[in-house]
Amino acid sequence: MSDATEPNRVGQCPFHQAVAQDAPLTPTGCPVSPRASAFDPFEDGYQQDPPEYVRWAREQEPVFYSPKLGYWVVTRYDDIKAVFRDNLTFSPSIALEKITPTGPEANAVLASYGYAMNRTLVNEDEPAHMPRRRALMEPFTPEALKQHEPLVRRLAREYVDRFIDDGHADLVDQMLWEVPLTVALHFLGVPEEDMDMLRQYSIAHTVNTWGRPQPHEQVQVARAVGKFWQFAGKVLEKMREDPGNPGWMQYGIRKQKALPEVVTDSYLHSMMMAGIVAAHETTANATANALKLLLEHPDAWRDLCEDPSLIPNAVEECLRHNGSIAAWRRLATKDVTIGGVDIPAGAKLLIVTSSANHDERRFDDADCFDIRRDNAGDHLTFGYGAHQCMGKNLARMEMQILLDEFTRRLPHMRLAKQRFTYVPNTSFRGPEHLCVEWDPMLNPERADRAALTPRAAVRIGEPSAQAVTRTVTIASIDQAAHDIIRIRLEAPDGRALPRWTPGAHIDVECGSAGLLRQYSLCGDPMDARAFEIAVLREPNSRGGSAWLHAHAKVGLSLRIRGPRNHFRFDEQARKAIFVAGGIGITPISAMAHRAKALGLDYELHYSGRSRASMVLLDELVQQHGARLHLYVSQEGTRNTLDALRVEPGTPVYACGPARLLDALELASAAWPADSLRIERFASVLTPLDHTHDQAFEVELEDSALQLTVPAGQTLLGVLRKHNVDVPSGCEEGLCGSCEVHVLAGEVEHRDAVLSKSERESNTRMMACCSRAKGGKLVLEL
Ligand code: HEM
Ligand code: FES
């Protein structure tokens, strides 16, 4: 993103398309494309499936102006995350503004109730916001949230008890609205009130803020919102009489005494109302969306019923695939460029987070619903950065407990025939009804009371990808070269596997000791029937390849994790150079395959000891013809790297033995900066020695937090404790999942993921194992 220097002019639009002469113009004078002109988030298309509705934009016109809404619409992951990261350029102040201005009659009704909704947290600018957020964070930490678990468990059980013998239910009406509302009231410290009344108020607040009520509805909505405002005020007054009671609002009242300028009266009244909606409607909708999604995917539902350890990651995938917040808003405070489009100061932005969550650039096979997805937790449904949802871990906990209750007690539940409807609005999203049915005679608890006992421990916080495995079966094994077997893995019941992108790998559990080894995928990324890996028998291996060579046989089940990709191929580059040595050809072959399919200019350099030891050789010769350069040491040819002509904008992807990669790193000193991208397949990690660990400070720039990492604790652990999400996998410096960006400070790297030049650049580190060399690090988090 960069500051704009000149406004766009007609005909200079970066997404220039054939548009009619009389097409409407953006405020910067650019013609609006027909699809952008037609965009209307209150239409059924958006309501039913927001990411699908803006797929065209994500693919062709990622940032566009909507004349109907008067907003700039942003649809891609990287652009939206960049907007979230910079809350000074992109102010959150319009987050709760009425997206459809109301008429004088409705305004008069609101005024008659003294309605004065003001800044809370979510729409407060800096410098006021961060001190308030920090002052009020403590009740949201994973430790503090534990105390709410018994209530959620009790409610889940009692509500299911009410209808389990009926054989049918509308889960929204009969449970999913009230349970999160009760939890929200409990968390906030509000006495349990008339649930139906609060539900009506909340819906009115949603329509008032993010909807387009017709003129005749506006007055009705205004009346409900006014009553909600008055109700919030009365509850607050009562709380003030006895602020010693538990609850987040009481915590705020107590904080007000110490920090009156930070926690103001106006804040408390506005938060009282907004808090009820933030804490309950979001979670009610998220759970309804999750159950709908799971029941629409019976394989995934069955897997959860059988293996509750999958629930935390399934919650994350549900939030990614069909979260309860579809879009959020920001205001540009200065001229700026987003995704190549100039946006003027004062522009309002609709950032479609649900579209970001389906962006193929971030999520492989993004539309596929995969409860084992490795990076599901990267979704933007909770926002990101300084304003990221404070209640995310309460919501996650509730969703996990509710899913545990349903999968245990109603595994035979299915969706009834119905058409789903949504309250028309841009942001809050969940079905108004969710009708399900089942045969009560088959209720597991009738046969075995154990079905009443919770199976899964709740994980409060970001789920760990460590717990998520998928079972595959060996479909075939070929001797691909001397000492190399090629293994084809399929899902046991013939289900589709997720598509992957070149450079991706899977972790394979080798043997019962839980030995985990990484293998790059080398088949066809688009083939959803199988994963293919090539495994070299290595005399010095840590046991993984030896185990596979000894035990792999057709029909054997294996547990794997992933696919995940930390070695991505940039499809935008016009030319690419691929260098592989030995078994390192596996990820490189998939990249070359893709380069060919895209019609890119590329060359492939592959070296090995002898032809007999070089895997995939026939395939590569056939596919790449003259683009393939072979170096066979037995035949006296060696890749001296002299032939590589690396021009600016040409990435060099390399994988192979350390000797080759070290030579490439040396050679790359003469190439344009950042040309070399490597993956080391042979990493030997020595166990970490913690005896000389020193405490260090970290400053999180996006979240404006200062934390201390004591000796004996990891950065990852400290981040989690303070509610900052960082995904993880191996938690021993092997997999690259926990990478964080370093803005300042020197890192003591202890991982086996980063290359020498990456280490030296001090711009990234693995949070699970690496530490600060000096006293402090500044991180982009
Ligand atoms: C902020 C989503 C549950 C309290 C937000 C934001 C989003 C969001 C999108 C704005 C983030 C940004 O601007 O970067 C959700 C979703 C939920 C959920 C999808 C459920 C699945 C909750 C719960 C609570 C809560 C249960 C409280 C108990 C808050 C607060 C903020 C916030 C206080 C403002 C944080 C700030 O601006 O510093 N939430 N939320 N949320 N949420 Fe949530
Ligand atoms: Fe695997 Fe940190 S979690 S490298």
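Here are the numbers for the structure shown:
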{"quantity": "Hits in segment 241-294 (condition: within 30 Å of MET175 (Cβ to Cβ) and more than 32 Å from the chain's Cα centre (by Cα))", "calculated": "ASN245, PRO246, GLN250"}
{"quantity": "Residues satisfying the stated conditions in segment 334-373, i.e. part of a loop (DSSP other than H, G, I, E, B) and within 15 Å of ligand 1 (Cβ to nearest atom)", "calculated": "VAL352, ASN357"}
{"quantity": "Residue match in segment 109-118 (condition: part of a loop (DSSP other than H, G, I, E, B), within 29 Å of the chain's Cα centre (by Cα) and surrounded by 16 or more Cβ atoms within 10 Å (Cβ to Cβ))", "calculated": "no"}
{"quantity": "The lone exception for ASP242 - which of (1) farther than 19 Å from GLU192 by Cβ; (2) out of contact with any Leu (no Cβ under 7 Å at 6 or more places or on another chain); (3) acidic (Asp, Glu) it fails", "calculated": "(1)"}
{"quantity": "Residue that is nearest to VAL718 (Cα to Cα) [pool: residues in segment 757-781 that are touching a His at 6+ places or on another chain (Cβ under 7 Å) and within 14 Å of ligand 2 (Cβ to nearest atom)]", "calculated": "SER770"}
{"quantity": "Test for GLY226: is it in contact (Cβ under 8 Å) with a residue 24 or more places away in the chain and more than 16 Å from ligand 2 (Cβ to nearest atom)", "calculated": "yes"}
{"quantity": "Sole residue being within 14 Å of ligand 2 (Cβ to nearest atom) and either surrounded by fewer than 21 Cβ atoms within 10 Å (Cβ to Cβ) or closer than 21 Å to ASP674 by Cα (or both), chosen from LEU716, LEU754", "calculated": "LEU754"}
{"quantity": "Yes/no for HIS566 being within 21 Å of the chain's Cα centre (by Cα) and of a type outside the set (S, T, N, Q)", "calculated": "yes"}
{"quantity": "Lone unmet requirement of (1) acidic (Asp, Glu); (2) within 16 Å of ligand 1 (Cβ to nearest atom); (3) over 19 Å from ASN375 (Cα atoms) for ASP751", "calculated": "(2)"}
{"quantity": "Some residue of segment 401-408 being in contact (Cβ under 8 Å) with a residue 60 or more places away in the chain and near ligand 1 (Cβ under 10 Å from one of its atoms)", "calculated": "no"}
{"quantity": "Near pairs, Cβ below 8 angstrom, 6+ apart or cross-chain, from segment 720-734 (under 16 Å from LEU779 (Cα atoms) and in a loop (DSSP other than H, G, I, E, B)) to any residue that is near ligand 2 (Cβ under 7 Å from one of its atoms) and at pLDDT below 80", "calculated": "PRO727/SER737"}
{"quantity": "Segment 377-396: number of residues that are near ligand 1 (Cβ under 9 Å from one of its atoms), part of a helix (DSSP H, G or I) and either among the charged types (D, E, K, R) or farther than 17 Å from ALA704 by Cβ (or both)", "calculated": "5"}
{"quantity": "Residue pairs meeting the criteria (Cβ under 6 Å; at least 6 apart or on separate chains; first of a type outside the set (A, V, I, L, M), in segment 141-153; second at pLDDT 95 or above)", "calculated": "ARG153/ILE401"}
{"quantity": "Pairs, first assigned by TED's automatic domain parsing to the domain that holds LEU676 in segment 752-774, second within 16 Å of ligand 2 (Cβ to nearest atom) and in a loop (DSSP other than H, G, I, E, B), C-beta under 6 Å, six or more apart", "calculated": "none"}
{"quantity": "Residue tally, condition surrounded by 24 or more Cβ atoms within 10 Å (Cβ to Cβ), over 24 Å from GLY211 (Cα atoms) and polar (S, T, N, Q), over segment 321-359", "calculated": "0"}
{"quantity": "Filtered residue count, segment 346-363, keeping only those that are out of contact with any Leu (no Cβ under 9 Å at 6 or more places or on another chain) and either within 16 Å of ligand 2 (Cβ to nearest atom) or more than 26 Å from GLY736 (Cα to Cα) (or both)", "calculated": "1"}
{"quantity": "Given (1) more than 30 Å from ASP166 (Cα to Cα); (2) free of Cβ contacts under 8 Å to residues at least 24 places away in the same chain; (3) more than 25 Å from the chain's Cα centre (by Cα), index of the condition GLN418 fails", "calculated": "(1)"}
{"quantity": "Condition check for TYR65: modelled with pLDDT of 95 or more and either under 27 Å from the mean Cα position of the chain (by Cα) or assigned to a loop (DSSP other than H, G, I, E, B) (or both)", "calculated": "yes"}
{"quantity": "Subset of segment 25-78 [among the charged types (D, E, K, R), buried (at least 18 other Cβ atoms within 10 Å of the Cβ) and within 23 Å of CYS318 (Cβ to Cβ)]", "calculated": "ARG58, ARG76"}
{"quantity": "Those strands (runs of 3 or more DSSP E) lying entirely in segment 435-513 with at least 2 residues surrounded by fewer than 18 Cβ atoms within 10 Å (Cβ to Cβ)", "calculated": "435-437, 470-481"}
{"quantity": "Within segment 534-561, tally of residues that are under 21 Å from LEU497 (Cα atoms) and in contact with a Leu (Cβ under 9 Å, 6 or more places away or on another chain)", "calculated": "6"}
{"quantity": "Options PRO131, PRO139; residue that is modelled with pLDDT of 90 or more, within 16 Å of ligand 1 (Cβ to nearest atom) and assigned by TED's automatic domain parsing to the domain that holds PHE231", "calculated": "PRO139"}
{"quantity": "Among the candidates ALA376, ALA366, ALA386, residue that is under 30 Å from THR453 (Cβ atoms) and either of a type outside the set (Ser, Thr, Tyr) or more than 16 Å from ligand 2 (Cβ to nearest atom) (or both)", "calculated": "ALA376"}
{"quantity": "Test: LEU705 is over 20 Å from the mean Cα position of the chain (by Cα), within 16 Å of ligand 1 (Cβ to nearest atom) and modelled with pLDDT of 85 or more", "calculated": "yes"}
{"quantity": "Single unsatisfied condition, GLN418 versus (1) buried (at least 20 other Cβ atoms within 10 Å of the Cβ); (2) in contact with a strand residue (DSSP E or B) (Cβ under 6 Å, 6 or more places away or on another chain)", "calculated": "(1)"}
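Residue-wise test of (1) more than 22 Å from ALA480 (Cβ to Cβ); (2) not polar (S, T, N, Q).
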residue	(1), (2)
THR586	no, no
VAL621	no, yes
HIS629	no, yes
SER633	no, no
THR640	yes, no
CYS655	no, yes
GLU665	yes, yes
ALA670	yes, yes
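The values are calculated or read from the model by the stated rules, or taken from the named source; none is laboratory data. Just so it is clear, the model here is predicted, and its values are computed rather than measured. Glycine gets a Cβ as well: all are built from the backbone with ideal geometry, and neighbour counts include every protein chain shown.
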